[in-house]
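Reading through the structure tokens given below for one structure.
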Amino acid sequence: PPERFEEAFERLEEIVSKLESGDVALEESLGLYTEGMTLVKFCNDKLSVAREKIEKLTAEGEMQNASGDA
């Protein structure tokens, strides 16, 4: 599996392009589809982690601003 979101997303774009071309045999299409779904899950997981970190940082910033206003 890729180590970074960007690598996974780039590979996913390649897979989509190949599948959309229609020039891929059925067996290869199935393999690409399976790989693509794995990459989608990987990307979603990375985005979820990033979203949680952003929400936490935002909440911490709001708490600091609220305590500084008092």
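Annotation: extensible slack from Val40 through Phe9 equals 10.4 nm (criterion: 0.36 nm per residue apart, minus Cα-Cα distance). Dividing the convex hull volume of the alpha-carbon atoms in region 1-42 by its residue count gives 51 Å³ per residue. Compared with the dominant principal axis of the Cα atoms in the chain, helix 26-69 is inclined by about 10°.
Using the 1.4 Å probe convention, the accessible area of the chain works out to 82 Å² per residue with neighbouring protein chains retained. The GluC sites (Glu not before Pro) of the chain meeting both criteria, a DSSP state outside H, G, I, E and B (loop) and at most 10 other C-beta atoms within 10 angstrom of the site's C-beta, are Glu3.
Carbon and sulfur atoms: what percent of the 1.4 Å accessible area of the chain do they account for?
On the way: 3210 of 5710 Å².
Result for the chain: 56 percent of the exposed heavy-atom area is carbon or sulfur.
The values are calculated or read from the model by the stated rules, or taken from the named source; none is laboratory data. Remember, predicted model here, so these are calculated numbers, not experimental data. Reconstructed Cβ throughout: ideal geometry from the backbone, glycine too, with neighbour counts over all protein chains shown. To get the accessible areas, we keep the full protein, side chains included, count just its heavy atoms, and leave off ligands, DNA and RNA. Shrake-Rupley method; radii C 1.70, N 1.55, O 1.52, S 1.80 Å.
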